[in-house]
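Worksheet: the structure to be examined is printed underneath.
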Amino acid sequence: MRAKRETVSIIGLGYMGLPTACLFARAGFLVRGVDKDARKIEMLKKGTPPFEEKGLAALLRSARKNIDFSVTPTPVDMFVISVPTPITKARRPDLSYVEAATRSIVPVLKNGDLVVIESTVSPGVCGGRVKKILDMSKKRYFLAHCPERAFPGETIKEMIRNDRIIGGVDGKSARRAEYFYRTFVKGNIFLTDIATAETVKLLENAYRGVNIAFANEMAKIADTIGVNVWRAIKLANRHPRVNILKPGPGVGGHCIPIDPWFLATADMKNAKLLVDSLLVNEGMGAYVARFLEMRAAERKLAIHKVAIMGVAYKSDVDDARETPALHLARALARRGYGVRCTDPYVKQFELPLYPEKDVLVWADAAVIITDHARYRNMNFRNASVKLIVDTRNVLEKARKNISAGIHVVTLGDGETRRG
Ligand code: SAJ
């Protein structure tokens, strides 16, 4: 890759910021990766990725000669802010990290620099609060929003291939940002105004959240009317203009359960469908706990100890942020069950994690929360569980291999015995 004149700094080296920093470095820019976590910086200086992501270790190696890491920003030509934007307990956007990161670059900002916000923000934040902070520098700078749109687990591939939306405070800012991203993005780049770019990102994740809430509601209705929701959705999706997502134990990750609140809180009076969808998804943990209890009672099974299988928020990742497993663990504990969690990939979790084989000889029931590929072929031989609740329909094919003494029920299978 030809060396580029400009220098780039990424503030926030998380799941999105670190691959972005490496991609800019591999494209030929001299890159400085900045993160306030000194331990992470030490690991990166040694060339060790601080988390797992497909292809990240190799990408880091290929970018190394163009990248260095530090805890403080230094002067560069382009800054990318890629820090978390969580929600508060009251479900209000918490912009404190974006604001602090923006403040941290004010002392090193020069005339003509470009600042790009990649973090997800509420509409109006980049052109409002962020711009106000940058104006304290008294410098002439360009400002754009280029929300990340990569799918964790496929982050690097998606960062290169996906289309990008860039919104600028003015046309020049958008075009300047386009020049930088063009060096590694192979998808289309669409330029727009900054508030539209902010909204596009929120619309994408809100759309997915509402669609999943719809599927979850259908699963509950299917349980009531005695129809298998998985079969029904599969057939409905044969319609050329229908694409219903999958029901499950609720939504996790740092995006789908959170981003819709950024839109909803911008106009609570009108955000009825959004708020209801968020609450339907959040309520799935409690629903699964009731589902387990009901199905156990129907089968006259005495269940006291429950194994939660999978705490990753989605299949085959080691990321447990906002995982539905936690909602379920709490709902089960409130109902007096003993709960133990296991996951083949996750290393850090709010609750203790146990080895799978130990948990399965301890528990009376298992609830599959994450659709990890390895669960698809499990036969539960030697397990003490009498009941398996499959919230993701992962055992569809394995069912016939599971010992006859174990009852397997699937969320939304419509098999409740009534009467
Ligand atoms: N889920 C379901 N049913 C489904 C699909 C997903 O219950 O049919 C659950 C998953 O298990 C998970 C949650 O939803 O718990 C979210 O997972 P996801 O795979 O839909 O999304 P993320 O959070 O990994 O990534 C999303 C992506 N957004 C869209 O697809 C619109 C990604 O492109 C974004 O970059 C990312 O959010 C982000 O950073 O905003």
Can you tell which of Thr416, Thr342, Thr391, Thr370 is within 30 Å of Gly14 (Cβ to Cβ) and away from the ligand (no atom under 16 Å from the Cβ)? Thr342
Mind counting the residues in segment 380-397 that are of a type in the set (Lys, Arg) and either within 30 Å of the chain's Cα centre (by Cα) or within 19 Å of Lys220 (Cβ to Cβ) (or both)? 2
When you go through Asp390, Asp371 one by one, which is the residue that is acidic (Asp, Glu) and over 20 Å from Glu293 (Cα atoms)? Asp371
Failed condition for Ala365, given (1) crowded, with 21+ Cβ neighbours inside 10 Å; (2) among the small types (Gly, Ala, Ser); (3) without any contact (Cβ under 8 Å) to a residue 40 or more places away in the chain, with all others met? (3)
Scanning segment 264-314 for residues that are in a strand (DSSP E or B) and under 12 Å from Val389 (Cα atoms) gives Val306, Ala307, Ile308, Met309
Consider Ala297 against the criteria (1) farther than 30 Å from Gly124 by Cβ; (2) surrounded by fewer than 21 Cβ atoms within 10 Å (Cβ to Cβ); (3) touching a residue at least 12 places away in the same chain (Cβ under 8 Å): it satisfies all of them except one. Which criterion is unmet? (3)
When you check Ala302 against the structure, is it surrounded by 24 or more Cβ atoms within 10 Å (Cβ to Cβ), away from the ligand (no atom under 16 Å from the Cβ) and touching a residue at least 40 places away in the same chain (Cβ under 8 Å), yes or no? no
Where in segment 100-185 are the helices (runs of 4 or more DSSP H), entirely inside, with at least 2 residues that are away from the ligand (no atom under 16 Å from the Cβ) and within 17 Å of Ala21 (Cβ to Cβ)? 171-182
Quick check: anything in segment 84-96 in contact with a Gly (Cβ under 8 Å, 6 or more places away or on another chain), assigned to a loop (DSSP other than H, G, I, E, B) and either among the acidic types (Asp, Glu) or buried (at least 18 other Cβ atoms within 10 Å of the Cβ) (or both)? yes
The condition of being surrounded by 15 or more Cβ atoms within 10 Å (Cβ to Cβ), at pLDDT 95 or above, among the basic types (Lys, Arg) and more than 29 Å from Val317 (Cβ to Cβ) holds, among Arg164, Arg140, Arg176, only for Arg176
Per the filter on segment 397-410, residues of a type in the set (Lys, Arg) and either assigned to a loop (DSSP other than H, G, I, E, B) or at pLDDT 95 or above (or both) are Lys397
So which of Glu53, Glu6 is farther than 30 Å from Asp276 by Cβ and within 24 Å of the chain's Cα centre (by Cα)? Glu53
Checking Arg374 against (1) among the charged types (D, E, K, R); (2) more than 18 Å from Pro249 (Cα to Cα); (3) touching a residue at least 60 places away in the same chain (Cβ under 8 Å), which test does it fail? (3)
I'd like the full set of residues that are part of a loop (DSSP other than H, G, I, E, B), within 16 Å of the ligand (Cβ to nearest atom) and either among the polar types (S, T, N, Q) or farther than 26 Å from Ala177 by Cβ (or both), limited to segment 9-52. Phe51, Glu52
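Residue-by-condition table, conditions (1) within 12 Å of the ligand (Cβ to nearest atom); (2) at pLDDT below 95; (3) within 21 Å of the chain's Cα centre (by Cα):
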site	(1), (2), (3)
Ala236	no, no, no
Gly250	yes, no, yes
Phe262	yes, no, yes
Met268	no, no, no
Ala271	no, no, no
Leu279	no, no, yes
Ala296	no, no, no
Every residue from segment 16-40 that is touching a Pro at 6+ places or on another chain (Cβ under 9 Å), surrounded by fewer than 22 Cβ atoms within 10 Å (Cβ to Cβ) and of a type outside the set (Lys, Arg): Asp37
Does Gly283 satisfy the condition of being within 26 Å of Pro84 (Cα to Cα), of a type outside the set (A, V, I, L, M) and within 12 Å of the ligand (Cβ to nearest atom)? no
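The values are calculated or read from the model by the stated rules, or taken from the named source; none is laboratory data. Keep in mind that what you see is a predicted model, and the values were worked out from it rather than measured. Because the Cβ atoms are built from the backbone with ideal geometry, glycine has one as well, and the counts that use them run over all protein chains shown.
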